Each structure stands twice: as C-alpha cells, then as structure tokens.
1. When you look at residue 68, is it free of Cβ contacts under 8 Å to residues at least 24 places away in the same chain, surrounded by 10 or more Cβ atoms within 10 Å (Cβ to Cβ) and in a loop (DSSP other than H, G, I, E, B), yes or no?
2. For region 35-65, enumerate the residues that are under 13 Å from residue 12 (Cβ atoms) and small (Gly, Ala, Ser).
3. Which of the residues spanning region 10-62 are basic (Lys, Arg) and either outside any loop (DSSP other than H, G, I, E, B) or at pLDDT below 95 (or both)?
4. So which residues in region 36-73 are within 24 Å of residue 4 (Cβ to Cβ) and more than 9 Å from the chain's Cα centre (by Cα), if there are any at all?
5. Restricting region 3-34 to residues that are of a type in the set (Gly, Ala, Ser) and either out of contact with any helix residue (DSSP H, G or I) (no Cβ under 8 Å at 6 or more places or on another chain) or surrounded by 14 or more Cβ atoms within 10 Å (Cβ to Cβ) (or both), which is nearest to residue 66 (Cα to Cα)?
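The values are calculated or read from the model by the stated rules, or taken from the named source; none is laboratory data. In this text the structure is predicted, and so the values were computed from the model without any measurement. Reconstructed Cβ throughout: ideal geometry from the backbone, glycine too, with neighbour counts over all protein chains shown.
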Amino acid sequence: MITAEKEEVLRWFGEGRKAYKLMDFARAKECFEAALKIDRTDGPSAVYLQRCQELIENPPPEDWDGVFVMKTK
C-alpha cells in the first residue's frame, strides 16, 4: 500500500515529468523540488532536478528528443 505522502511525491514527480518533456525546465524544477520537500530521499526527483538545473543553464535545441546526454562522470 502506498502512503498518502508517497502519492503526493508521485503526483509532483508526474507533473515534473510532463513539464520536462515540454521543455519547461523551470516548472519541472519547481515540481521536483516540491517532491523533495516531502521526501528528500526520492532519487528520481533528485536526478531530474539536477538535469533541469543543467538544462536551464544549457538549453537543448528546439528539436530535442528528451534524451539527456551526460557531459561528466
């Protein structure tokens, strides 16, 4: 059974993924931050938050296919 807290994290994560796919990285970042406020150990939200920060600083081309390319190890 999923707790109400985890349901809220999943809701924020889902909203963040929608925004991410639409290249609205600022909104996606807000959503992932909201998820992490509820559960600071949520790994997927932390990963996407970091990606959003990088993509805000270095936006992908308009024809971006959603694939994140790591530039460092």
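1. It is true that residue 68 is free of Cβ contacts under 8 Å to residues at least 24 places away in the same chain, surrounded by 10 or more Cβ atoms within 10 Å (Cβ to Cβ) and in a loop (DSSP other than H, G, I, E, B).
2. 35, 45, 46 - these are the residues of region 35-65 that are under 13 Å from residue 12 (Cβ atoms) and small (Gly, Ala, Ser).
3. Residues satisfying the conditions are 11, 17, 18, 21, 27, 29, 37, 51.
4. Of everything in region 36-73, those that are within 24 Å of residue 4 (Cβ to Cβ) and more than 9 Å from the chain's Cα centre (by Cα) turn out to be 36, 37, 38, 39, 40, 41, 42, 43.
5. 19
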